[in-house]
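Single-structure report; data block below.
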Amino acid sequence: MKELIGTGVALITPFTSDFKVDVEGLKRVVQYQINNGIEYLVVLGTTGESATLNDEEKQLVINTVVKENAGKLPLVLGIGGNNTAAVVEEFKTTNLDAFVAVLSVSPMYNKPTQEGIYQHFSAIAKISSKPIILYNVPGRTSSNLEPRTVARLAHDFGNIVAIKEAKGDLVQAMDMIHQTPDDFHVISGDDMIALPMVLAGGSGVISVIGEGFPKQFSDMIRLGLQRDVDAAYKIHYDIAPCINYIFAEGNPAGIKSVFSAKEICEDTVRLPLVMVGEQLRKDIEAFVLSHS
């Protein structure tokens, strides 16, 4: 799975001011990634507001991205949930031909034990026709996918090939890198520590800030993979203020404000999310202007 080395981005789903999927805006977002050095695209993740899209809209997003990408970059699809049987059924019934892997979030809200999490992903791995990227994001799921469970899954199932690790804990990420097979990819899901994770042996990042500043962020990760530490950290510290900005009032409101400032698409989000406040909008616009 060399396709997962480097910078992937969790694509937003642009909306028009009347909350419809903005197909033309989504096309522009995809082209912006293709033209600026991103390695792969992740469709219908958390940043894509998949929780507030209906099935028809999800298919519209998939069709739009697949057609606009036209085979240029590898694609990863998000499929996950807290009802294991329903997730298994979605894996079985979704056409995955256009995708190199599936990103599947650890079950949220139920707060399963480590054994429950293992059994959830075991059920998925047994029926999946595509490689699986685990997704650990305790801030959203209220349960942590621990290194020992990740290692157990990685050793037991050859089609579980990676994890997007978004706890924001560098020590935990290092434990995962150490305990999993050499060809297993530990991918940062936290933009602020993406570079340290790469330098510790991680494979790259699935980024939010990276889709707003694709050239800079993908350059940084490539420099990190090449162990050009000083050059990589120069980019990191340059872009770090905007990483704080885009998460200050929630994701994807912040990154959509970046795209609005770049005049690529509107910054509309669907309830219960709301757009960023006026001061944060001004801060983001000033940062974008200074880096244009």
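The values are calculated or read from the model by the stated rules, or taken from the named source; none is laboratory data. Predicted, not measured: the structure shown is a model, and the values here were computed from it. No Cβ is skipped: glycine too gets one built from the backbone with ideal geometry, and neighbour counts run over all protein chains shown.
If you scan the range 107-119, which residues turn out to be within 19 Å of the chain's Cα centre (by Cα) and either among the hydrophobic types (A, V, I, L, M, F, W, C) or surrounded by 23 or more Cβ atoms within 10 Å (Cβ to Cβ) (or both)?
Once the filter is applied, which keeps residues that are within 19 Å of the chain's Cα centre (by Cα) and either among the hydrophobic types (A, V, I, L, M, F, W, C) or surrounded by 23 or more Cβ atoms within 10 Å (Cβ to Cβ) (or both), the range 107-119 yields only Met108.
Filtering the range 261-292 down to residues that are out of contact with any Ser or Thr (no Cβ under 9 Å at 6 or more places or on another chain) and of a type in the set (Ser, Thr, Tyr), which residue is modelled with the highest pLDDT?
Among those residues, the one meeting the criterion is Ser290.
If you go through the range 164-178 one residue at a time, how many are of a type in the set (D, E, K, R) and farther than 15 Å from Ala194 by Cβ?
Number satisfying all stated conditions: 1.
Look through the range 155-180, keep the residues that are assigned to a strand (DSSP E or B) and under 14 Å from Ser203 (Cα atoms), and return whichever of them is farthest from the chain's Cα centre (by Cα).
Once the filter is applied, the top-ranked residue is Val161.
Restrict the check to the range 146-161 and report whether at least one residue is touching a Leu at 6+ places or on another chain (Cβ under 9 Å), under 18 Å from Val87 (Cα atoms) and surrounded by 15 or more Cβ atoms within 10 Å (Cβ to Cβ).
So far as the range 146-161 goes, yes, one or more of its residues are touching a Leu at 6+ places or on another chain (Cβ under 9 Å), under 18 Å from Val87 (Cα atoms) and surrounded by 15 or more Cβ atoms within 10 Å (Cβ to Cβ).
Test Lys67 against the criterion of being among the basic types (Lys, Arg), at pLDDT 95 or above, out of contact with any strand residue (DSSP E or B) (no Cβ under 7 Å at 6 or more places or on another chain) and farther than 19 Å from Leu4 by Cα, and give yes or no.
yes
Looking at the range 23-51 only, could you name the residues that are over 13 Å from Val65 (Cα atoms) and either of a type in the set (Phe, Trp, Tyr) or not in a loop (DSSP other than H, G, I, E, B) (or both)?
Thr46, Thr47, Ser50, Ala51
In the set Leu134, Leu103, which member is touching a residue at least 40 places away in the same chain (Cβ under 8 Å), in contact with a Leu (Cβ under 9 Å, 6 or more places away or on another chain) and either in a loop (DSSP other than H, G, I, E, B) or among the aliphatic types (A, V, I, L, M) (or both)?
From the options Leu134, Leu103, the qualifying one is Leu103.
Against the condition crowded, with 19+ Cβ neighbours inside 10 Å and of a type in the set (Val, Ile, Thr), how does Thr16 come out, does it pass?
no
Could you check, for the range 277-290, whether at least one of its residues is under 18 Å from the mean Cα position of the chain (by Cα) and at negative phi?
For the range 277-290, residues under 18 Å from the mean Cα position of the chain (by Cα) and at negative phi: absent.
Please list, ordered by residue number, the helices (runs of 4 or more DSSP H) wholly in the range 181-292 having 1 or more residues that are within 19 Å of Leu4 (Cα to Cα) and in contact (Cβ under 8 Å) with a residue 24 or more places away in the chain.
194-199, 209-212, 214-225
Among the residues of the range 223-252, which ones are surrounded by 20 or more Cβ atoms within 10 Å (Cβ to Cβ) and farther than 30 Å from Met275 by Cα?
Passing the criteria: Leu223, Gly224, Ala232.
Among the residues of the range 36-55, what is the count of those that are surrounded by fewer than 20 Cβ atoms within 10 Å (Cβ to Cβ) and either of a type in the set (D, E, K, R) or free of Cβ contacts under 8 Å to residues at least 24 places away in the same chain (or both)?
3
From Leu96, Leu73, Leu77, Leu145, grab the single residue that is closer than 30 Å to Asn35 by Cβ, in a loop (DSSP other than H, G, I, E, B) and touching a helix residue (DSSP H, G or I) at 6+ places or on another chain (Cβ under 8 Å).
Going through Leu96, Leu73, Leu77, Leu145 in turn, just one is closer than 30 Å to Asn35 by Cβ, in a loop (DSSP other than H, G, I, E, B) and touching a helix residue (DSSP H, G or I) at 6+ places or on another chain (Cβ under 8 Å): Leu73.
Just to verify a result, which residue in the range 1-37, among those that are over 17 Å from the mean Cα position of the chain (by Cα) and hydroxyl-bearing (Ser, Thr, Tyr), is farthest from Gly224 (Cα to Cα)?
Ser17
Hey, any hits in the range 120-127 for a residue that's in a loop (DSSP other than H, G, I, E, B), surrounded by fewer than 17 Cβ atoms within 10 Å (Cβ to Cβ) and either touching a residue at least 24 places away in the same chain (Cβ under 8 Å) or not small (Gly, Ala, Ser) (or both)?
no
Take the range 1-22 and flag every residue that is touching an Asp or Glu at 6+ places or on another chain (Cβ under 9 Å) and part of a helix (DSSP H, G or I).
Matches in the range 1-22: Glu3, Leu4.
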